[in-house]
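> Pasting a structure below so you can have a look.
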Amino acid sequence: MEEASRRGAREADLEDLLLALVLSEQTAGTVLRELGITIRAARAAVEQYQREQIASLGITLELPAAGNIVFHETGGYEWSKRASDLIRRAGDKAGTADAAAVLRELVSEPSGLIADLLPRLGTTSEEVLTALNRSTPAPAPSTAGKTRRRGQSGSAIESFIPAPVDDVRTLLTDPARVPDWEPMISCVEDVATGNGIWAAHVSTTRPDGKPLKVDTRFRRRTLQLMPSGERAHISWRFAYPDAPKSPPVTVTFDLAPTTGGTELRATMTCTARQRIRFLLRPLQRFLMWIRLSQITAAISRVYR
C-alpha cells in the first residue's frame with residue numbers, strides 16, 4: 001500500500017504485491033533480488049506497463065509522475081479483490097500466506113499481468129518458480145525473542161534495506177537524522193549536551209497531522225550513541241530525563257551486505273522493573289516488536 005500511495009492510488013493491486021515482495025527480507029525477496037530485480041527497476045517496469053495498457057485502448061494520457069510514499073499521511077487504502085483473493089489462496093494452499101506462498105501464486109495468477117512484467121525485468125515466471133524450488137527457506141523473522149541478560153526484556157526483527165551498508169550506517173549514526181527513522185522523535189537539537197548525549201523532542205502529532213496526546217514527562221528524550229568497536233554494529237540509548245523512573249531503552253542495529261542492499265537486524269531492550277518483570281514482559285516484548293517494525297519500515301522508506 002505504501003507503493004500504491006506513490007502513484008496516488010488507494011487500491012493496492014497485483015503489481016504492488018510484486019513491489020512489496022522485492023523488498024521482503026524473506027526467501028521470496030531474496031530470490032527476486034538474486035534474479036537481478038531491484039525496487040527501482042520493478043517500479044519502472046510497472047509504470048511503463050501501465051502507460052502501454054492505456055495507450056492500447058487508444059487513449060492519450062500522460063500518467064502523473066510517482067512521488068513520495070504518503071501512505072502514513074493519508075487514508076482510505078484497501079486491497080483490490082484479485083489481490084486479496086490471491087493472498088487468501090496462498091494461505092489456503094501453504095497453510096500460511098508468507099512471502100514465498102504469495103510469490104508462487106503471483107507468478108501464475110490468471111490475468112497474466114505479472115507474467116508480462118517479469119520479462120521486462122530479465123526473467124520469467126518459470127525461472128522464478130525454479131529459483132523458489134531450489135532455495136533454502138529463510139528463518140522466520142524474529143519477533144519477541146528474549147534477551148540473554150538477567151532482568152532485561154527485549155525484541156528483535158530482521159529487515160531488508162534497499163541501500164548499501166555504508167549508506168545505512170551513515171544514516172543510523174547521524175544524530176540529526178534520528179527523526180528520519182524513529183517515528184516517535186520530531187527533532188534533535190544541534191549540539192550535544194555533554195558526554196555524547198543529545199536532547200530530542202517527541203512528536204506530538206501523527207503523520208496525518210492529527211494531534212497526539214503525550215504525557216509532559218515523556219515529551220523530552222536524551223539520545224546517546226554508544227561506543228562500538230564494530231562498524232556494522234550501532235547502538236543508541238534513549239532515556240526520558242523528566243521521568244527518571246522510566247527505564248532507558250537501547251536500540252541496536254547490526255548490518256550485513258546482501259544482494260541488492262543491506263540485511264538489517266534491529267534489537268530493542270530495556271530493563272524491566274522487578275514488580276512488573278514477569279507479569280508484563282510478554283506484552284512489553286510485543287510492544288517493542290511493534291516499535292521495531294515501525295523503525296525498520298521507516299529506514300526502508302528513506303531509500304525508497
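> Could you please give the count of residues in the stretch 41-61 that are part of a helix (DSSP H, G or I), modelled with pLDDT under 90 and either under 19 Å from L118 (Cβ atoms) or open to solvent by 70 Å² or more (accessible area, probe 1.4 Å) (or both)?
Qualifying residue count, the stretch 41-61: 5.
> Kindly list, by first and then second residue, each pair from a residue in the stretch 85-105 that is of a type outside the set (D, E) to a residue that is open to solvent by 50 Å² or more (accessible area, probe 1.4 Å) and part of a helix (DSSP H, G or I), limited to pairs with Cβ atoms under 6 Å and residues at least 6 apart or on different chains.
That search, which allows pairs on different chains as well, returns A101/A94.
> In the stretch 172-239, which strands (runs of 3 or more DSSP E) lie fully inside it and hold 3 or more residues that are closer than 23 Å to Y303 by Cβ?
185-188, 233-239
> In this structure, is R88 within 26 Å of P110 (Cβ to Cβ) and outside any loop (DSSP other than H, G, I, E, B)?
Criteria met by R88.
> I'm told L264 meets every condition in (1) at pLDDT 95 or above; (2) of a type in the set (A, V, I, L, M, F, W, C); (3) open to solvent by 40 Å² or more (accessible area, probe 1.4 Å) except one. Can you identify the failing condition by its number?
Condition not satisfied by L264: (3).
> If you don't mind, there's one more thing I want to ask. Kindly indicate which of V251, V302 is aliphatic (A, V, I, L, M), more than 23 Å from M1 (Cβ to Cβ) and modelled with pLDDT of 95 or more.
Among V251, V302, only V251 is aliphatic (A, V, I, L, M), more than 23 Å from M1 (Cβ to Cβ) and modelled with pLDDT of 95 or more.
> Hey, can you tell me all the residues within the stretch 29-40 that are of a type in the set (V, I, T) and assigned to a helix (DSSP H, G or I)?
Matches in the stretch 29-40: T30, V31, I39.
> Mind listing just one residue for me: the one in the stretch 62-93 that is of a type in the set (K, R) and surrounded by 11 or more Cβ atoms within 10 Å (Cβ to Cβ) and, of those, nearest to E3 (Cα to Cα)?
Checking each candidate, the answer is R82.
> Report yes if S186 is closer than 21 Å to Y240 by Cβ, open to solvent by less than 70 Å² (accessible area, probe 1.4 Å) and of a type in the set (S, T, N, Q), otherwise no.
The answer is yes for S186.
> So how many residues does the stretch 204-229 have that are open to solvent by 90 Å² or more (accessible area, probe 1.4 Å), modelled with pLDDT of 90 or more and within 24 Å of D167 (Cβ to Cβ)?
The number of residues fulfilling the criteria is 0.
The values are calculated or read from the model by the stated rules, or taken from the named source; none is laboratory data. Here the structure is a predicted model, which is why all the values come from computation and not from measurement. Note that we place each Cβ from the backbone using ideal geometry, even for glycine, and neighbour counts take in every protein chain shown. Ligands, DNA and RNA are excluded from the accessible area calculation, which covers all protein heavy atoms including side chains. Shrake-Rupley method; radii C 1.70, N 1.55, O 1.52, S 1.80 Å.
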